[in-house]
Each structure stands twice: as C-alpha cells, then as structure tokens.
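The values are calculated or read from the model by the stated rules, or taken from the named source; none is laboratory data. Remember, predicted model here, so these are calculated numbers, not experimental data. Cβ: placed from backbone, ideal geometry, glycine included. Neighbour counts: every protein chain shown. The accessibility values were calculated without ligands, DNA or RNA, using every heavy atom of the protein model including side chains. Shrake-Rupley method; radii C 1.70, N 1.55, O 1.52, S 1.80 Å.
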Amino acid sequence: MITAAHYLILSGVLFTIGLLGLLLRRNVLLILLSIEIMLNAANLSLVAGSALHGEVDGQVTAFFVMVIAAAEVTIGLAIAVLLFRKQDSVDTNQITFLQG
Amino acid sequence: MLTASWFIFFIPLIAAILIPLFFHKRPAAASWLATGGVLICFLLTLFVLSRYQSFYDANHHGLEASLVWMQIGSVPVEFGIYLNGLTLLMLLIVTGVGSLVFLFSTSYMKSDPGYSRYFACLSLFVFSMLGIVLSNNMIQIFIFWELVGLSSYLLIGFWFEKEEASTAGKKAFITTRVGDIGMMLGILALFGFFHAQGHGTFNFASIEQNLPLVNISSAWMTAICIGLFLGAVGKSAQVPLHVWLPDAMEGPTPVSALIHAATMVAAGIFLLARLLFIFEASPDAMAVIAWTGGITAMLAASIALVQNDIKKILAYSTLSQLGYMVLALGLANAEAGMFHLTTHAFFKALLFLGAGSLIHVFHTQDIRQMGVMVREEAKHEGKGRFYLFSRMPVTAWTFLLGTFALMGIPPLSGYFSKEEILAAASNGPALLFWLAAATVFLTAFYMGRLATIVFFPAGRASEDRSHHLHENNWPITVPLIILAVLSAFGGFFPIKALVLEGHSSHAAGHPSSAGLAILSISLAAAGFLAAFLLYRNRTISLTSSVHSLQAPARVLEKKYFFDDAYDGLIQCGQEKIARAADRIERYAVVEWTINGSGRIVRYIGNIVRKLQTGVIQFYAFVFAAGTTVIIYLVLISGALK
C-alpha cells in the first residue's frame, strides 16, 4: 500500500536532488533543470496532500505551479541564451557581475 | 475712505513690483510711475484727511479695518490698517515729503545707470514706511519695521560698487537689527503677559483697552518698555545705536533726505508716540527715554561742530533733532514730539535736498572746498561775498531759510516746535532742560558755520578759476521751493490738534513762557553770530589754529570714540567668538562628525562587500542554508512545546 508518507518521502528526495543540482552544477541549463525538479517535487507533495484530504485545492495549486514553471523556464532560457551570447559560456563561475 | 486707505497702502508696492518687471529698460517711465504713484498716495491722503474729521466726530475713535492673517490658538494675527490723527499726520509726511523727494530724484539721479532700480527701491521703502504707519497690530508693525530696514539697506548701499557704500548699508542694517531684537523681545514679553492672563492680542486698541486689566510687575513693565524703546533707538538712531546714520550718508542724497531726515528715522518716534500708553505705565522707562533723547541731542550737536562733509553735518543735526523728539516723548508729550517731527521733516528734507542741489553743482561734499570754489569764481567775476545768491538763488535762499528754521528763528516752523519741546523739558529735570537749551546754541553754531563757509565765503582767493556755478533745473528747484514754504509756515499748521484729536494733552499744561522764548531765540542768535564772526574770514580750520581747542576737537572728530569702541568690542569679543566657532565648525562638525561618519560607513562597507562574491550559487547556498536553519528552528520550537 502506497501511503501519503511514501509520496512525501519521494517528494523530499526529489527536492534534495534538485537542490544539490542547483548548488553543485555549474551549467546554467542544468541549474534550470534542477529548479524544474524542485518545482515538481513540490507539485508531487501538493497532489499527494490533495488525494489524502479528498479535495481539489492541492491539484489546482499544482496546475498553477506548472504554469508558472513554464513561464519561468521561458525567461530563464532567454537569459541563458543572452548570457551565452555575451560571455561565450554558460558556466556560472564566470558570471560574477554582482561581485562587490 | 477705507478703500482709499488700502490704495494708499498698496500703490507704492505695485510700483515697486512693476518697475523691475516691466520698466527695467525704460528708466524715464519707471521714474514717472514711481513718482506718480506716491503723488496719488498723497492726494488720496488729502482726501482721507478731508473725510476723517466728520468720521471722528461721529464715532469718536479712529478707523480700523483688518483681515485675520492667521489664527494662533485663540489669538488672531491681523493684517490691517488703523487710521487716526497720528496716522494721518505720518501719512501726510511720508507721501508729501516723499513725492517731493521722488520729483527731485528724477533730475538728480538722471545719469545713473541704476535709475529704475533706484525708483523701485524708493517705492519699496515708501511702502514699508506706510506699512508701519498704517499698521494696527504689533506683528504687522514689526514686519514692516524690518522691511524698512531692508529697503534702507538697499538704498544706502545703492552704489554698491563703492566699498564704503556697501559697508555703510551693512552697518545700518546690522546696527538697527540690534535694536530690533530688543523690540521683538518687548513685543513677545508683552504678549506673554497678556496671553497668560487671558487677553492674548497683538492689536493696539485691544492692548490699550486691556492694559489696566493685565497685571504686570513694574520691573517687567520697565523691561518691556526698554525693549520696545530699543527698537526705536535703532531706527531713530539714538545713542548708543546712532553710529549707522552718519555712515548712511554714503547713499544718494535724496535718499538721505527721505530716509535719514524725514521718514525712516521718524519711524522710531512714531513707534514711541503710538505706544505711548504702554510706556507711560513705566516711569523708569520714561526717564530712560527722556535722558537718551537729551544726551543724543547734545552729543550729536557737538559732533556736528567739527564735521566738514555737508551731509555729515546734516546727519548729526538729524540725530540731535531726533534726540529732541525722543526727549519730548520721554516726558509724555507726544504732541510736541510729533510737531517737531513734522516741522523737522520739512526743513531737514529741504536742507538735504538743498545740499543735494549744491553737491550736484559743486561735485564735492566738503564745505571748505565749496567755499573755496565760490570764492574763486566770485573773484573771477569781480563779485563779493553774496555771489552764490545771484548764481543759485533758489538753492541758496531756500537753504538759508531751512537753516534758520532748524535753528529755531521765529516765525519759521522750527521755532514753534522747538519751543514746545523746551517748554516740556522745563517741567522735567533741570539738567535735562539745560542739555536741551545748550543744544539750541550748538545747533545754531554748526549751522551758522556751514552757512558762513558755503554761502558767505570771504572775498579773497588764492587763484582765479571759473567753475560755472549755475542753478539746477525745475525738478530740483520746485521741491526746494515747496519745502521752503512748508518750513516757513509749518509752525501754523494745526498739527498738535491732529495728534491730540480733542483729547487733552497727556502732559501737564505748560504754555511756553516769554522768558523761554527769549532764552531760545537769544541762544540761537548768539550761536549763529558766533559762528559767523569766527568763520567769515577764516580759510583754515579753527581748531588747528587755536591750540587749546585741539584736544576737545580730537574727541569730537573721533565722534566720542563710539565707532572705535564698537570696533574694539567686535575685535575682542565677536571676532574671537567667530574664530572659535569657525574652528569648532571646521574640526568638530565637518571633520569629525560629517567626514568621520562617512569614513566609518566606508570602512564597514569595505569589510561587508567581501560577502558579495557575485557567484550565484553562493547566494543560492546561503538562501537554502538559511531556509533550512529557519525550518529546523521552527520544528525544534514546535517539538519543545
């Protein structure tokens, strides 16, 4: 029997994977990918909660998150393309405009 | 009548605003706009005067109208006009003498590059003066008091490219400001007492009404009166704040005639007369006022004995005559003071304008040089002692008439008003009376000296040289003639009746006795004759030829060391304080506080900026770690509960 706990554990594992990818990877595209994984981990827990309580709120929120994720990816990829044009690289170690 | 009064109030302001805006490049139009404006004011004043008597008969009080300018708590601060006999008299003097001076200026200032600026400033001055005169409350009178200070600064420093002129302007402004502080403190202290006892008001009429109801200790009352009097001391140039007026002669001569003879210095006297009901509450303050007046009259007259600049002589003469007026007011005799103020306005404006006419022709202000020039040309033309009377008849005769009026020779106006003041003084302390009487002699002496040197120079000259002395054109001579007529007959005008308005005099009745008249006339005649005999054949100065006179002459030439004392005071006190303040400002304020705080911020910033690596994943890590810590703490605290 798959219980809510299983979903939540899977969600936590996915989130951790995404977070580690975000922190450790140096490629902008892979960082964006990691963010997607984290968002989907959150979606999974939302849907699991929805199923547990028998209500649709969680599902609705998950759809919102998907839409926002799509928008975010659009902007993120556009930034990545521009970065590549400017720097000839998508390595975050070389993107340090904000250094004080 | 009310509308006319408001018009009188604002026409000069309109002229002062329009001239710089539209007539800057058209000086002739500017001058006629300004002159016409004041003349209209004068005609309106005559109109108001003609209606006033019937109004007064019907109502038995002055005409008052005001707008509430602002409301402070329950106390309204008004902006308004208050018309009574005193106001009307001052209005007549300001606009009447004012329009003559404006007319005179149109010719006198003709070739000056600042011609339209001059008329704008002059209009502003007349506006401020009218503001003082018409004001119905303390706040308004103080505002216009300051405006008069400002416009006199502008006019004294009119030739600001001249170092002395701009310095004199500053000196006048700052010196009168010393008095103004006293005046402001007096106004505020008086208001404080009134407000604390539930009668808070700035309005003159209400103050007069409520003064008996308000309980003010006599020490405070004296302090308040002295404070208010300080304002008058500054503006009316009484000892010890008199030092600005002689220096103010750096301004154009018509300005000296208007401001420093006829109107601005009259503001102080007017204030004393307007607020006499307050001063009368403190006998000590009245004594201070009377003595200040007497001492000023004496000191200034003695300084005038040794001056050689024609305008300086007249300036010290003004000081001395103002001293007379203050003396009369200090003896609670407002009508005598105002009477003398009026006649003095006539003959002193006449003398100043006459001096201007002379300066216009001679191009010097030194009476000795004038005398030499007259002498040389008389010699050249083969004429005698009375040469100037044939070449500049209007100037010479009117100036002489002004001189006699100032000396107090009957039946000229000065005789009557001075007689009133002497009569008032004869009821006061004996020493004060003798101060005043001695001043009569000194006045006659210095005016005799001036007239003898300039108008009756000795008939021998060192060399023949022609200077082409000639009479000036009509805008200069017409005001002289009108003022001469006023100086001659001013003594017969019902000025005292206008000031008193049917009230009996505050002062005890004392008709001028025959003995007093004989005393003053003989003193004046003796002074003039002494001066004439001493100076008629003299080409070098008296003090340098008579050894025993040198020491006192030096004291007089140094003007009793007032200026030196103030200079010393400023160097020892004010300058040291200024230097200390400068050091505090430079090191404590700028170096430590301002630059120091900047340096601290920069130092901290240098440390903190190292945190900003610019590596995006470092930020992400900090964010994630922070979030984790917060969640952990929340869970821990939840578990602990």
* Quick check: is even one residue across segment B:597-606 open to solvent by less than 80 Å² (accessible area, probe 1.4 Å), more than 14 Å from chain A (Cβ to nearest Cβ) and over 30 Å from B:Val178 (Cα atoms)? -> yes
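Among the helices (runs of 4 or more DSSP H) contained in segment B:315-431, which hold 1 or more residues that are touching a His at 6+ places or on another chain (Cβ under 7 Å)?
Working: elements: B:334-362, B:367-381, B:387-391, B:393-407, B:413-426.
Output list reads B:334-362, B:367-381, B:387-391, B:413-426.
For B:Val615, state whether it is away from chain A (no Cβ under 14 Å) and modelled with pLDDT under 90. Break it down into steps so the answer makes sense when it comes.
On the way: away from chain A (no Cβ under 14 Å): no; modelled with pLDDT under 90: yes.
No; evaluated as a whole, the condition is false for this residue.
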* **Enumeration of residues in segment B:29-62 that are within 28 Å of the chain's Cα centre (by Cα) and open to solvent by 50 Å² or more (accessible area, probe 1.4 Å)** => B:Trp32, B:Leu33, B:Leu39, B:Ile40, B:Phe42, B:Leu43, B:Leu46, B:Phe47, B:Leu49
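Away from every other protein chain (no Cβ under 14 Å), assigned to a helix (DSSP H, G or I), without any contact (Cβ under 8 Å) to a residue 40 or more places away in the chain and crowded, with 17+ Cβ neighbours inside 10 Å: does that describe A:Leu39? Step through it out loud before you land on a result.
Values: away from every other protein chain (no Cβ under 14 Å): yes; assigned to a helix (DSSP H, G or I): yes; without any contact (Cβ under 8 Å) to a residue 40 or more places away in the chain: yes; crowded, with 17+ Cβ neighbours inside 10 Å: yes.
Yes.
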* Structure fact -> Of the residues in segment B:193-219 that are in a helix (DSSP H, G or I) and surrounded by 15 or more Cβ atoms within 10 Å (Cβ to Cβ), the one that is nearest to the chain's Cα centre (by Cα) is B:Phe204
* If we scan segment B:139-157, do we find a residue that is touching a helix residue (DSSP H, G or I) at 6+ places or on another chain (Cβ under 7 Å), open to solvent by 40 Å² or more (accessible area, probe 1.4 Å), over 29 Å from B:Trp69 (Cβ atoms) and not β-branched (Val, Ile, Thr)? -> no
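Can you tell me which residue is farthest from the other protein chains (Cβ to nearest Cβ) among those in segment A:1-36 that are among the hydroxyl-bearing types (Ser, Thr, Tyr), farther than 21 Å from A:Val81 by Cα and assigned to a helix (DSSP H, G or I)?
Applying the first criterion (among the hydroxyl-bearing types (Ser, Thr, Tyr)) to segment A:1-36 yields A:3, A:7, A:11, A:16, A:34.
Cutting the leftovers down to farther than 21 Å from A:Val81 by Cα gives us A:3, A:7, A:11, A:16.
Add one more test, that the residue is assigned to a helix (DSSP H, G or I), and what stays is A:7, A:11, A:16.
On the way: A:Tyr7: 19, A:Ser11: 15, A:Thr16: 10 Å.
This residue is A:Tyr7.
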* To do: Residues being loosely packed, with under 13 Cβ neighbours inside 10 Å, in a loop (DSSP other than H, G, I, E, B) and within 14 Å of another protein chain (Cβ to nearest Cβ): count how many of those fall in segment A:49-100.
  => 4
* Asked: Is it the case that segment B:62-79 has a residue that's in a helix (DSSP H, G or I) and among the aliphatic types (A, V, I, L, M)?
  -> no
